[in-house]
Amino acid sequence: MVTLTPFAPVAATGFAVAFLHAALPTHWLPFVLVGRAQGWPARKILGVTGLAGTGHVLFTLVLGLILTSVGLAVQPHLGGLFNQAVGGLLLTLGLFYLARHAFGPRHTHGERAARLGTRSDAAAVMGLVAILAFSPCEAFLPLYLANVAYGWPGFVILSLVLTLGTGLAMLLFTGLCLAGADRLRLERLERYEAAVIGLALCGLGLFVALEH
């Protein structure tokens, strides 16, 4: 009988990363902007948000499956060096995102959503779904490698918390924005998306390399 106790830290970390990543405006602001431009009721806006979130999660799961398979195949050959290699990779990715935040362009999904709001109803829905459905949760993917030691049970748990954390954050912040919380200018958080991801990956990389 397999106990789930060892996977508690995996579940907690995965949920935090998934929720915080999906709380960024790229995951809910475009749906509110386009929905308002198209004159959609709140129920439809939330439905389209959920549909896009499902595609977003499924794409991430497919990549996570590949990463886990590769990790499980490589780990026995690297032995104790596996965690150091994964930690170094995570740290490198984190530094890349920090550099992108500092020097990259400031194109936002909000700008793309403004263009979608001028299209037909069907085209607007398809465009919104495509924005996320073909874009993985890049902040979450490294967790699959970092937790290869837990095998397929760890993959299943990470996938479940990814689904829960992403769906909860997207629907919650979309609902808050529709209720008037957009007066708080929450979309400004989008400017710091790369920085948030970069810091999270750097921290995770150091943890994996030094603590395991």
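Values quoted throughout were computed directly from the atomic coordinates according to the rules given, and no laboratory measurement underlies them. Keep in mind the model is a prediction, meaning the values are calculated, not measured. Please note: Cβ atoms are built from the backbone with ideal geometry, for glycine as well, and neighbour counts cover all protein chains shown.
When only alpha carbons are used to place a centre, the range 116-181 and the range 38-78 end up 6 Å from one another. Taking the Cβ-Cβ separation of Ala123 and Ala179 as r and a Förster radius of 35 Å, what is the calculated FRET efficiency to the nearest 0.05? According to the calculation, E is roughly 0.80.
Taking 0.36 nm per residue of sequence separation and removing the Cα-Cα distance, the His77/Leu20 pair yields an extension gain of 17.1 nm.
The phi torsions of the range 138-145, fed into the Karplus equation with coefficients 6.51, -1.76 and 1.60 and a -60° offset, translate into couplings of 4, 6, 8, 3, x, 5, 5, 6 Hz, rounded to whole numbers, with Gly and Pro shown as x.
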